[in-house]
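The values are calculated or read from the model by the stated rules, or taken from the named source; none is laboratory data. Values in this document were obtained by computation on a predicted structure and should not be read as measured data. No Cβ is skipped: glycine too gets one built from the backbone with ideal geometry, and neighbour counts run over all protein chains shown.
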Amino acid sequence: MDEQEQISPEPVPQESIEQPGQPEPVNFFFEPIVWQAEEFEVYQRDWKWYLIFVVVGGGLLAYLIYTKQWVLAVMTVVIGGLLLISGRLRPRLMQYQIDPQGLTINSRAFPFDKLKSFWLHDKTDKSYLNVISVLRLMPVITIRINSDDKEKIRGILKKFLPESGHKDEDWIDRINHFLKV
């Protein structure tokens, strides 16, 4: 043997290298989970909600007119109209599916490589799945799930995505719940 010759260690297969915080590589098949749920939650607005809406909206509009901020005044009227119209909207029944390729909502597919993480939470008697997407215009996807399927969904998603530290609803959902929109 030559003194210059050195023995190099064998390369380690990529599958065996563990990266902290990353889900383990997945090479298994499972039956897709399919369910239906309403697109969003409907809140009942009582007369108090409309009274507060008129007082706050009217006060803001009066202030904007007084200070001659015409663009903001028009935007306030448009946003107020949209809030009123949103109370009349009814949710569609959506089809959800989790399969080895990713999450599908109706016919729109979200492959696992386009999703960052997930978390599950309960609110009153309902369970929700929140998925963080890499898409800029849809950062968090909130989906109502059956409470019976919660652990099954968690077990499958943990194979593909890291579970987030969140344990409650997203801040946008909290604002929507507070405003009843």
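Just to be sure before I move on: is Leu82 in a helix (DSSP H, G or I), modelled with pLDDT of 90 or more, within 26 Å of the chain's Cα centre (by Cα) and farther than 30 Å from Gly165 by Cβ in the structure I sent?
It is true that Leu82 is in a helix (DSSP H, G or I), modelled with pLDDT of 90 or more, within 26 Å of the chain's Cα centre (by Cα) and farther than 30 Å from Gly165 by Cβ.
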Of those in the stretch 115-140 that are part of a strand (DSSP E or B) and of a type in the set (Val, Ile, Thr), the residue modelled with the lowest pLDDT is Val140
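Taking Ile143 as the residue in question, decide whether it is in contact (Cβ under 8 Å) with a residue 60 or more places away in the chain, surrounded by 15 or more Cβ atoms within 10 Å (Cβ to Cβ) and assigned to a strand (DSSP E or B).
Values: in contact (Cβ under 8 Å) with a residue 60 or more places away in the chain: yes; surrounded by 15 or more Cβ atoms within 10 Å (Cβ to Cβ): yes; assigned to a strand (DSSP E or B): yes.
Here the answer is yes, as Ile143 does meet what is asked.
Just for the stretch 93-114: of the residues that are outside any strand (DSSP E or B) and not aromatic (Phe, Trp, Tyr), which one is nearest to Trp35 (Cα to Cα)?
Step one: filter the stretch 93-114 for residues outside any strand (DSSP E or B), giving 100-101, 106-107, 112-114.
From the residues that got through so far, the ones that are not aromatic (Phe, Trp, Tyr) too are 100-101, 106-107, 113-114.
Values: Pro100: 16, Gln101: 16, Asn106: 10, Ser107: 13, Asp113: 22, Lys114: 21 Å.
Ranking the qualifying residues of the stretch 93-114, first place goes to Asn106.
Answer with yes or no whether Lys167 is on the phi < 0 side of the Ramachandran plot and either in a helix (DSSP H, G or I) or surrounded by 13 or more Cβ atoms within 10 Å (Cβ to Cβ) (or both).
no
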Residues in the stretch 28-45: is at least one closer than 30 Å to Asn106 by Cα, modelled with pLDDT under 80 and loosely packed, with under 10 Cβ neighbours inside 10 Å?
yes
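Restricting attention to the stretch 100-115, does a residue exist that is among the acidic types (Asp, Glu) and surrounded by 12 or more Cβ atoms within 10 Å (Cβ to Cβ)? Before you say what the answer is, go through the steps one by one.
We begin by selecting, within the stretch 100-115, every residue among the acidic types (Asp, Glu); these are 113.
Okay, now just the ones that are also surrounded by 12 or more Cβ atoms within 10 Å (Cβ to Cβ), so none.
No; the residues of the stretch 100-115 include none that is among the acidic types (Asp, Glu) and surrounded by 12 or more Cβ atoms within 10 Å (Cβ to Cβ).
I'd like to verify a number: residues in the stretch 94-124 that are without any contact (Cβ under 8 Å) to a residue 12 or more places away in the chain and within 18 Å of Asp148 (Cβ to Cβ), how many? Break it down into steps so the answer makes sense when it comes.
Of the residues in the stretch 94-124, the ones without any contact (Cβ under 8 Å) to a residue 12 or more places away in the chain are 101, 104, 107-109, 111, 113, 124.
Add one more test, that the residue is within 18 Å of Asp148 (Cβ to Cβ), and what stays is 124.
Within the stretch 94-124, residues that are without any contact (Cβ under 8 Å) to a residue 12 or more places away in the chain and within 18 Å of Asp148 (Cβ to Cβ) number 1.
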So for the stretch 82-92 (the condition being small (Gly, Ala, Ser) and closer than 30 Å to Gly58 by Cβ), does at least one residue qualify?
yes
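Check the stretch 86-94 and report whether any residue there is surrounded by 13 or more Cβ atoms within 10 Å (Cβ to Cβ), under 24 Å from Glu163 (Cβ atoms) and of a type outside the set (Ser, Thr, Tyr).
At the first step, the residues of the stretch 86-94 found to be surrounded by 13 or more Cβ atoms within 10 Å (Cβ to Cβ) are 86-87, 94.
From the residues that got through so far, the ones that are under 24 Å from Glu163 (Cβ atoms) too are 94.
Still in the list and also of a type outside the set (Ser, Thr, Tyr): 94.
Yes: one or more hits.
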